[in-house]
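Note sheet for the following structure.
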Amino acid sequence: MAGVLIRMKLSVIKNAMTGGRAAWMLVGAVFGLLFAAATIWLSLVDLPNQSVLGDLLAGVFGMWTLGWLIGPLWGGSAVLRADHFTLLPVPRRRLAVGLLGAAFVGITTAVTALGFLALITYGARQGLGPALLAVPVAALQLVFVVLLSRVVYALFGVVAASRAGAAITGVLFAAMLVLTQSGWMIVVAVMYSDILETGFSHTTTVTLRSIPSSWGVVAVDAAGRGDWLLAIAAPAGLAVLCLLLLLVWSVELGNPRRGRVTIRGSAGRAPAGGGLLGGPGGAIVSKELRTWWRDPLRTTTAVVPIVWALGTVLLPLTFDARLLLPWAGPALALFAITSACNLYSQDGTALWQTLTTGTQRVDVRGRQWAYLLVFTPPAVVASIAFVWWSGLTWTWPWVAAAVPALLGGGAGLIAYSSVFGMVPGPDAHKRPSNPLERADTTGQSNVLFWVGLLPPAPALALVYLGTRTDQPWLTWAGAPVSVLTGVAVAWVLGGLAIRKLSADGPDLLHTMRTGRPTVARNAVGTTVARNAGGTDVAKKGSAVEGLSWGLGSILLIPQGVIPLVFILADINVKSWFLAMYVRPLYGVPIAVVSILAGVALYGRAIMTKVDNRAKSPLHPS
Amino acid sequence: MEPSTTQYAAAKSAEVDGGRPAALRLSGLHKEFGANTAVDHVDLVVPRGSFFGLVGPNGAGKTTSLSMAVGLLRPDEGTSQVFGVDVWSDPVAAKTLMGVLPDGLSMPERLTGRELLTYLGQLRGIEAGVLAGRVQELLDVMELRSAERTLVVDYSTGMRKKIGLATALLHGPRLLVLDEPFEAVDPVSAAALKAILIGFVASGGSVVLSSHVMPLVEQLCDTVAVMAAGKVVAAGPLAEVRGDTSLEQTFVRLVGGDEHTRKGLSWLAS
């Protein structure tokens with residue numbers, strides 16, 4: 001059973017190893033290996049207070065476990081899904097064991113196994129006994145994370161299609177964005193504090209070590225102290241947990257697929273035909289608002305920027321810095337642009353109704369209004385609440401000058417990018433339950449993140465001038481100018497989107513119908529075979545593009561801008577900032593070169609994208 | 001090519017209509033996807049007041065032709081005219097004349113049937129009082145009343161067809177273009193749909209539908225066209241296209257079914 005399943009999984013992986021996916025796999029593997037190496041390094045490091053090491057290691061193992069919990073939500077469903085095999089006459093426990101065996105085959109498991117070697121090196125520092133004990137315990141820990149990930153995914157699948165599930169997904173997704181972008185703040189905080197000398201508080205230690213992912217460390221420590229009772233009890237507990245998880249999983253496998261959580265509409269009465277929401281424009285706005293309210297994918301789209309913004313500004317509180325707090329509102333308005341940049345693709349081929357009714361203009365404008373109605377309240381509330389909370393009153397004019405232009409500019413940019421940069425994804429009526437399984441808009445989001453900063457620039461420049469020349473009226477002129485900029489950008493970019501949609505609507509519809517390689521293969525069987533050359537070029541291109549976005553972001557921000565700021569501000573934190581490991585004299589050029597390289601890679605990614613569009617046989621000319 | 005070709009149908013329709021433009025006229029429609037020619041210079045004339053059936057095997061180009069005919073897919077070459085109005089140069093006028101049911105496309109999925117119809121009616125500028133009555137009547141006829149609170153995304157395949165047909169009928173079009181309208185629709189609903197369509201034709205409307213269910217086309221349509229590999233291989237009044245045999249036999253003869261398909265599986269033969 002396991003043998004067949006493993007061969008099957010390998011074939012699927014091999015067939016899926018194309019273009020962007022392969023690039024992301026490679027990037028993932030490299031980062032995984034780095035993280036594994038860092039874990040082993042941590043287990044060998046000499047700290048002033050050795051007992052802290054166990055806590056730190058337990059914390060890192062906790063992060064590995066967290067990664068296994070979140071990973072499947074990020075990466076979509078498992079390669080081999082249990083429901084593929086429900087019709088096979090095989091007992092479910094045997095199927096569970098077989099699938100578990102197959103689950104161990106994969107880059108992620110290999111990388112994790114490498115990282116868990118840290119437990120053995122950690123044990124080796126305490127003697128031969130703990131080292132020997134650590135070998136089976138590390139293996140057990142690996143089984144635990146794999147099983148836990150499977151069970152949580154299976155259970156999560158039940159709720160994912162509901163709005164609550166979509167919101168949870170959004171929160172997790174945003175949390176991951178915060179950690180990957182701003183996680184270095186925590187490292188900085190730990191390094192700045194005196195935790196490394198004094199150790200964590202007793203409560204923290206006990207809490208941390210009671211989590212099952214830490215039980216390996218607990219066992220090895222106990223063995224080091226000669227407390228063999230605990231040294232055996234901890235792994236035994238882990239083994240029992242594994243058995244329980246396997247049991248839950250096999251029961252879950254046997255369950256017939258549950259009916260999806262259905263979201264109900266309102267009954268009996270027709271939607272209002274008059275008043276503010278009357279007429280064609282009102283029809284689109286209320287259609288859009290209902291979609292924002294009822295579609296789990298939209299729920300995720302709305303939740304991600306909110307949590308992302310809050311997480312980013314709240315994280316520095318871990319080392320008592322309030323500097324970021326006032327920017328919650330502007331951050332939310334900016335992140336919303338990157339999140340909602342593919343609206344037309346989210347509704348898929350439903351575009352045919354806009355085309356057959358010839359309502360392109362009201363459709364674009366309606367979507368812009370709905371976007372504003374969804375994101376303005378949280379952005380305004382967050383702005384007021386967080387500026388007030390931070391007590392940094394000097395930020396009022398800045399925030400007031402940023403938010404309206406960001407919102408208005410956003411309403412323009414999302415309309416523009418949803419039409420001009422549309423990325424086809426799973427069609428609206430075939431969309432699977434996982435709200436993260438959608439069109440990949442990494443490229444668009446990256447560009448929009450930076451372009452989105454432009455609309456508030458004039459207003460912010462006024463505030464800056466006002467502050468420099470000490471002219472309060474100029475400082476406060478920022479807000480009305482910001483409103484004007486926002487309206488203008490929304491109007492102009494929306495107009496361009498309308499023109500494009502009116503002219504090329506059928507082509508966009510065609511892209512959405514067939515733009516996905518899988519569907520194209522089914523629909524026009526021979527096309528793909530004959531176009532193999534062209535498609536290959538496009539795939540290679542998207543691999544390059546994916547790598548360029550990933551590396552470009554790393555070089556630009558954490559290896560470029562941040563160390564440069566640190567050097568110039570004379571903050572001495574090394575962390576993983578390369579430029580901080582040399583003398584400032586050399587550090588500055590390294591950071592600058594890094595920024596330039598990052599920008600160059602961004603440019604390259606954009607060029608590849610443009611190139612692909614021109615070459616792609618599936619893209620209408 | 002069969003003796004009864006498009007030219008025949010064209011001549012016939014001109015004669016019958018006394019020079020008035022046909023309900024739908026496709027001239028030289030052509031579409032390639034990469035190196036694959038999906039639709040190869042198709043000419044078709046749908047006479048006014050006809051119930052027109054477009055049949056062909058999977059991948060014959062039916063959906064592509066109909067998409068180009070109604071303005072949902074840009075043709076590489078050729079034109080499409082609805083009652084003499086060019087779909088691509090005067091889309092607004094053409095689109096008020098026809099109702100369209102595409103196959104397998106999404107709709108605004110997170111609306112209930114009533115909301116969907118109401119919004120579409122508002123978008124088409126139908127007056128509120130008229131609209132409410134029409135929506136109610138459509139929901140009744142399509143038997144969608146019991147699913148009042150169900151969102152379109154949760155509709156069954158048959159219900160999707162019915163709500164799609166309702167959106168096509170809402171504004172009172174003179175031509176209906178329906179892609180596989182009866183696929184996955186249960187017999188009871190199908191009977192209701194047929195009654196609607198037959199009534200529509202009887203009152204002077206024109207219907208084009210595509211299907212690969214031959215008995216259905218024979219039962220409903222008075223004019224048919226057979227497509228295979230992107231070309232129209234036969235077209236004309238039903239009686240002339242099928243001759244003395246059934247439409248199914250004519251179809252298999254024209255399209256050339258494979259010998260293997262009739263053999264069956266070796267290990268299942270007893």
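Remarks
- Selection count, the stretch B:206-215, where residues are out of contact with any helix residue (DSSP H, G or I) (no Cβ under 8 Å at 6 or more places or on another chain) and surrounded by fewer than 24 Cβ atoms within 10 Å (Cβ to Cβ): 2
- Set A:ARG94, A:ARG81: member being at pLDDT below 85, within 27 Å of the chain's Cα centre (by Cα) and of a type in the set (Lys, Arg): A:ARG81
- Qualifying residues in the stretch A:335-351 (those that are of a type outside the set (Ser, Thr, Tyr) and under 18 Å from A:LEU493 (Cα atoms)) - the one nearest to the other protein chains (Cβ to nearest Cβ): A:LEU343
- The set of residues in the stretch B:145-155 being more than 9 Å from chain A (Cβ to nearest Cβ) and open to solvent by 50 Å² or more (accessible area, probe 1.4 Å) consists of B:ARG145, B:SER146.
- Residue match in the stretch A:345-365 (condition: part of a loop (DSSP other than H, G, I, E, B) and free of Cβ contacts under 8 Å to residues at least 60 places away in the same chain): yes
- Yes/no for A:SER345 being modelled with pLDDT under 95, open to solvent by 20 Å² or more (accessible area, probe 1.4 Å) and under 21 Å from A:ALA428 (Cα atoms): no
- Here the condition is being within 10 Å of another protein chain (Cβ to nearest Cβ) and either within 26 Å of A:ARG361 (Cβ to Cβ) or part of a helix (DSSP H, G or I) (or both); of B:GLY164, B:GLY172, B:GLY158, it holds for B:GLY164 alone.
- The set of residues in the stretch B:127-144 being open to solvent by 10 Å² or more (accessible area, probe 1.4 Å) and at the interface with chain A (Cβ under 10 Å from one of its Cβ atoms) consists of B:GLU127, B:ALA128, B:GLY129, B:ALA132, B:GLN136.
Table: residues versus (1) farther than 18 Å from A:VAL489 by Cβ; (2) open to solvent by less than 40 Å² (accessible area, probe 1.4 Å); (3) within 13 Å of chain B (Cβ to nearest Cβ).
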residue: A:GLN353; (1), (2), (3): yes, yes, yes
residue: A:THR357; (1), (2), (3): yes, yes, yes
residue: A:ASP363; (1), (2), (3): yes, yes, yes
residue: A:ARG367; (1), (2), (3): no, yes, yes
residue: A:ALA370; (1), (2), (3): no, yes, yes
residue: A:LEU373; (1), (2), (3): no, no, no
residue: A:ALA379; (1), (2), (3): no, yes, no
residue: A:VAL387; (1), (2), (3): yes, yes, no
residue: A:SER390; (1), (2), (3): yes, yes, no
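- Here the condition is being modelled with pLDDT under 65, outside any strand (DSSP E or B) and within 17 Å of B:THR223 (Cβ to Cβ); of B:ALA10, B:ALA22, it holds for B:ALA10 alone.
- Here is the figure for the stretch B:71-121: residues that are within 9 Å of chain A (Cβ to nearest Cβ), touching a helix residue (DSSP H, G or I) at 6+ places or on another chain (Cβ under 7 Å) and β-branched (Val, Ile, Thr) total 2.
The values are calculated or read from the model by the stated rules, or taken from the named source; none is laboratory data. Quick caveat: nothing in here was measured; it's all calculated off a predicted structure. Ideal geometry is used to build each Cβ from the backbone, glycine not excepted, and the neighbour counts take in all protein chains shown. These area figures cover heavy atoms from the full protein model, side chains too; ligands, DNA and RNA do not enter into them. Shrake-Rupley method; radii C 1.70, N 1.55, O 1.52, S 1.80 Å.
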